[in-house]
Each structure stands twice: as C-alpha cells, then as structure tokens.
Amino acid sequence: MEEVSTDVKISPRPALDFFETRKLCIMLFLAVVMVAGGIITICLGTYHVSILEVYSIIATHLFSPDNVDSLNKLKNTIIWTIRFPRIIMAITVGIGLSVAGSIYQGCFHNPLVEPYILGVSSGAAFGAALGIVYPHIFISIQLGAFLFASLSVLLAYTLARNRGQTPVVTLVLAGVIIGSIFSACVSIMKYLSNDTQLREIVFWMMGGFYYTTWDDVYLTVPVVLISVAIMWFFGWKLNVLSMGDEEARAMGVNPEVFKFIFIVLATLVTAVCVSSVGIIAWVGLMMPHAARLIQGPDNRFVIPTAALMGGVYIIFCDTIARTLTSAEIPIGIITAIVGAPYLVYLLRSKEKEIFG
Amino acid sequence: MIYMLRVDNLSFGYNSVPVFKGVSFRVEKGSLCGLFGPNGSGKTTLFKCCMSFLKYNSGSISVDGCDVRKKKIGELAKLVAYVPQEHKPPFPYLVKEVVLMGRTPHMGGIFGISEEDRNKVWEAMEMLEISHLADKPYNQLSGGQRQLVLIARAMAQDTPLMLLDEPTSALDFCNQIRIWDILKKISAKGTTILACSHDPNHISWFCDDVVVMYRGGLVAKGNPKSVVSEQLLSTIFNDICSVGYMDHLMMVYPKNIQA
C-alpha cells in the first residue's frame, strides 16, 4: 500500500461561536417589549385606567390581600378580574402556539406546518360544539374541546404508525384525514344546533379571550410553561431531528422517541390553549418564521424567540380586538388580517433566506 | 485479525421481496473499502442495514465486534458515522451548525458545546477545506459543497467507522477526485471507510478493497486491482466495458468508443 500524506494544514481555530450574544440581546429586548406591552395594554380599553392605579390594584392583590376591599370596586373588577388574567392568558397562548408551531415545523421537516396540522383544531371545535349543543351531557365546553383535540391527534398518530415507525408524510396525511372527519362532525353539530347555539359555535371557532378568568390562567399557564421549558431543553435534538429521521438516527437521536415527546408536548400545549380560547390561526405558523428570520434556524434560539414574539403579537392583536370597536372582534380575524400581509412580505422579499 | 465491519450471511427484503441474500464480507481496520455495483443492486439497502435503519431478516452485522442490533442508537452513533446521498434540508442551518450536529452523540445538556466539540468541528472543516463556508447557510451551497459538509459532519462525529453512500454522485470531475483523496487521508489516519460508488475507475484507483454486489448477492470481493476485471464488468454491466492500461494504471472505458 502506497503512503498517503496525512498532514493537513490546520490553521488556528477562531472562536467558532455557536452561542451569540447578539441573539441573547434580541431575546432580552423582546422580553422587555412583552412586559412593557402587557403593562401598557392593561391600561387601554373602553374604560381607561392609569398606570399608577393599575399598579396599586395589582400590588394590593399581590402583597396585601387584606386591603382589597378598600380599592375602587369598578376599577378593581376591570383590572384584576377582567384585564389582568386576560393579558396573562394572551401572553401564555401566544407563547404556547408559537412554540408548538416551531416544534411541529422541526419534527415534520417542513417550515409550512402549523400546530393544527394533526387535526387539533377540528377536534377541539367538535368537542366545543358538543359542549355547546348538549350542555347536559358534556358539562364543560373547555373539557370537551380538550378531550377531542387530544383524541384527534392520538387517532392521527395511531393511524400513521406502522411497524414501529411514524413516517412524516403519513402523519401529515393522517392529520388531514382526521381533521376533515372532525370538520364534518362540526358541520353536523352546526346543522343540529339552534340559532343561539350556532352563533356560539361560530364565535368559539373564531377564538377570543372574552371569558378568560383566573381559573383558566391557573389551568393553562403551568401546563404551557412547563411543556415549553422541556421542549426548549431538547432544542438541539430538534435541530438534528429536522434533518430527517434517518440522519437523526445516524447522529444518535432516536427519531421515534423524540418525535413522540415533541408531538405529545406540542399537542398538549395546543390543546390546552385552543380549548380555553378557541381557534386562533396564523400565530403558530408566523412566529416561528419570524423568529427564524431574526435568529437563524437553530431551535435553541428559535423556540424562546418565537415564544416571546408570539406573546407580544397576541397581546397586540387582543388589544385591537377589544378596543377597535365598541363590540369585541374575534381575535382569529385580527391575527389573520394582521398576519397575512406579513407573510406575504416574507414570501416576496426573504424567500431565499427562509425557505432556502 | 480484528475486523471493523463484519457482515455474515446477511439477507434482506422489502415486504418479502428479497433485495439480497447471503451477503458476507469483512472490512479491515483502517482500510478504505469500496462497495461497487450497478443501480438497484442493494448498496444503499446494505448501508441501511449496517446503520440498523432497516431490520434485516437473517444473518448478522457487527461493528468493532458488537452486534449492531443490540446497540442503542446513541451508542451506535459513537461507532458508525453515515454520510447520506446529497440532499437539501428545508431549514437554512449554517455550515458550522450542520458540522456541529455530528458532535451530538458526544454532547450533553442544551448548551453543552465543549471546547473539544469546537476543535473537532474546526478540524473537520479545515480537513475538507470548507472552513471559509462556516457561516454560510448549508442549503444555499452547491451540491458538491453540501457533500463536503456532510463528510465533515461525519468526521466531526469522530467514529472508527464511516459509511458513505455515493459520496461523489453530485460532484464535478475535480471534486470527485478531491473527495477520494480526502477519504484516503481520513483512512490513513485510522478511520475505516466503506464507500459505495458507480465508477469502476474510482474503485480501482483509490480503494484498498472492494465488495461487488449484483443481482441480489455478492459476486466478488478482494483487491480491486484483481477484482475489477473485464470479465466482472462484462457480467454486471452487460458487456459494454473494456479494461486497458495506461502506464500500468488501470482504466475502464466503453467498448464502442472510437479513437
């Protein structure tokens, strides 16, 4: 065997940054914007309350709950019972849907996937419609929505699973099938319902934070935040997974195990959000894109950035929804109208950067 | 003699349609072995069995003395690196990030990128002369450059065995020769390489060993200088090849070509 020279000239290594300060600064900036946005929008509404009053109401509740009775009744109700839980819920749902979107896009190796791809939204809509039309049998609209949202994904996943593997294309097709079945079921419910119920179903499906109470917050916030934290922790594995199942396997990441973890958590988050506020479109598709545009595709950064942007976006849209007219506009309409032009802009100007 | 890769009496079929039967061969430690055969002869399938992407029906495959079926995915990834055929992923990861992905089996935690990881990534990129591309999005490179990045990723994975599925398929003439030179260098450093190729010249010029697959089985193995012959080529390529010599260098060329 002839000799081969093995000496390759290796020049000294530069810093080789995989963890840029710039990206952290952007995240910090977004976090500040989100908190500031929350504080500003809590003052806005048909009844204006000044920042100082808001501060005193919230501080009283948090630090000296005994003095709550001394507060102005009306302002206390508006800020503490209505707006504050609503804004927390808006931020949480924004975080949840955006992160779920990022996760689904990575798992499905496709930047055009949204959290509703596996039929969560149709399932939830059916569950909610059952609760609305048959209130004696299905006690809670929220619970019904959550159960059927989870059921639809479970069905899609089971349908797609074959010999220990869940190919992405089969999974998407299964999601489409299950989604259309549940959409048909929703139509049946609409057909069977009376006028008031029909109106309620339609409103539910357009999404909104009108009925948010502290109970919703207690239920949703922990589930969303814990799931998001776990998914963020596995951000690098999601990068590897997004290269394709076989490659992930070759690089030591079990695609079936991680796809399962990611899909279960992302679905849980989506189902919890959707069941308490209805179907809010676009956020889960748009925010991951926007985050990727700013931070690059590394999911360790995309996940938190999309989360913060989602929070900001939903408070923004919800504020428009409740202040633009004297009546409330369903937020699903606002997110789509505000979001579509943004996506058009991305598609026309930054196509290469995002889609390659 | 310890073999890096041992395949014994391996059979595999998709949905009971057999792809190959009774395949047995060994790859010595530190050698560059070519896997040769016409389209559809089962080369990629054989690779996928070695990576245990596919569950084979009978026979056994062992890497460095361990049965691949008994290895966990994370453990196997420390033994075997795989370079897939060139492809275009949907997300614009930077070249350095793609190469860093090769370090995944050695990493822990979320932000657990160690100095060693950085060094290996840099070394691999320097070795393949792609360090000037480090900050470019991987999916905007040309097919040949992407192939180089995938090889760098496998190098960064730092495994004793590397499998390459048609590493030169998307490359121009110059880059094909460059890849083979680089593979020679990597194997000279002690990594065992099994690479499949469609070009008999590449096999005979660059490989230490060759395994030839044809029609659902293994038809020849051994030193490429003796295995790649006119007789073998006329069997597997339908009698269209001639073998000639130019200054003792073997050349395979089409029979019907006019000077």
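Values computed for the structure shown
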| quantity | calculated |
| --- | --- |
| FRET efficiency, 1/(1 + (r/R0)^6) with R0 51 Å, evaluated for A:Ser326 and B:Glu129 via beta carbons | 0.15 |
| HN-Hα J in Hz across the stretch A:222-230 - Karplus 6.51, -1.76, 1.60, θ = phi - 60°, x for Gly and Pro | x, 4, 5, 5, 5, 4, 4, 4, 5 |
| Length added when fully stretched, A:Asp215-A:Ala59, from 0.36 nm per residue minus Cα-Cα | 54.2 nm |
| Fewest-first ranking of B:Lys70, B:Lys48, B:Lys96, A:Lys75, using other Cβ atoms within 10 Å as the exposure measure | B:Lys70, A:Lys75, B:Lys48, B:Lys96 |
| Tail fraction, Cα-Cα pairs, the stretch A:153-270, threshold 17 Å, whole percent | 69 |
| Nearest-20 debye value, the stretch A:195-353 charge dipole, Cβ charges on Lys, Arg, Asp, Glu | 400 |
| For the protein assembly as shown, share of DSSP beta bridges that run antiparallel, in % to the nearest 5 | 60 |
| FRET efficiency, 1/(1 + (r/R0)^6) with R0 56 Å, evaluated for A:Asn72 and B:Tyr14 via beta carbons | 0.15 |
| GNM top mover of B:Leu249, B:Leu164, B:Leu183 - chain B, alpha-carbon springs below 10 Å | B:Leu249 |
| For chain A, built as a Gaussian network whose Cα springs stay under 10 Å, the top-fluctuating residue of A:Thr270, A:Thr319, A:Thr92 | A:Thr319 |
| The stretch A:78-347, relative contact order [Cα under 8 Å, separation at least 6], % | 33 |
| Positive-end residue of A:Cys273, A:Gly164, A:Ser122, charge dipole of the stretch A:78-347 with Cβ unit charges | A:Gly164 |
| Signed unit charges on C-beta, dipole axis of the stretch A:78-347, positive-most listed residue A:Met286, A:Met243, A:Trp204 | A:Met243 |
| Spin-label model distance (nm) - B:Asn238 vs A:Ile188, 7 Å beyond Cα toward Cβ | 5.6 |
| Set of the stretch B:190-204 residues, backbone N closer than 18 Å to the point 7 Å along the Cα-Cβ line of B:Asp181 | B:202-204 |
| Global form of the stretch A:15-141, assessed from the alpha-carbon gyration tensor, a/c cut-off 1.5 | oblate |
| Projected area, mean over directions - the stretch A:78-347, Cα convex hull, nm² | 14.3 |
| Distance from the stretch A:59-74 to the stretch A:214-228 (C-alpha centre basis), Å | 24 |
| Neighbour-count ranking [beta-carbon atoms within 10 angstrom, fewest first] of B:Val17, B:Val252 | B:Val17, B:Val252 |
| Point-to-point label distance, B:Met251-A:Leu28, nm (Cα→Cβ direction, 7 Å offset) | 6.6 |
| B:Cys174-B:Ser226 pseudo-label distance in nm [points 7 Å out on the Cα-to-Cβ vector] | 3.9 |
| Partner aspartates and glutamates for B:Lys255 [C-alpha distance under 18 Å; skip if fewer than 8 residues away on the same chain] | B:Asp199, B:Glu230, B:Asp239 |
| A:Glu20-B:Glu115 FRET efficiency (beta carbon distance; Förster radius 22 Å; 0.05 resolution) | 0.80 |
| Long pairs among A:Lys75/A:Lys190; A:Lys9/B:Lys221; B:Lys120/B:Lys225; B:Lys48/B:Lys225; A:Lys237/B:Lys221; A:Lys259/B:Lys185, criterion Cα-Cα beyond 31 Å | A:Lys75/A:Lys190; A:Lys9/B:Lys221; B:Lys120/B:Lys225; A:Lys237/B:Lys221; A:Lys259/B:Lys185 |
| Computed P(r) (all Cα pairs; the protein assembly as shown; 10 Å bins; percent) | 3, 15, 22, 20, 16, 11, 7, 4, 1, 0, 0 |
| Test item: Cα-centred dipole of chain A, Lys/Arg +1 and Asp/Glu -1 on Cβ, debye | 340 |
| Top of A:Phe182, A:Phe146, A:Phe29 by mean-square fluctuation, Gaussian network on chain A, Cα under 10 Å | A:Phe29 |
| Proxy reagent accessibility, fewest Cβ within 10 Å first, across A:Lys73, B:Lys43 | A:Lys73, B:Lys43 |
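FYI, it's all coordinate maths here, none of it is from the lab. Being a predicted model, the structure only gives us computed values, none of them experimental. With ideal geometry, Cβ positions are generated from the backbone for all residues, glycine too; neighbour counts draw on all protein chains shown.
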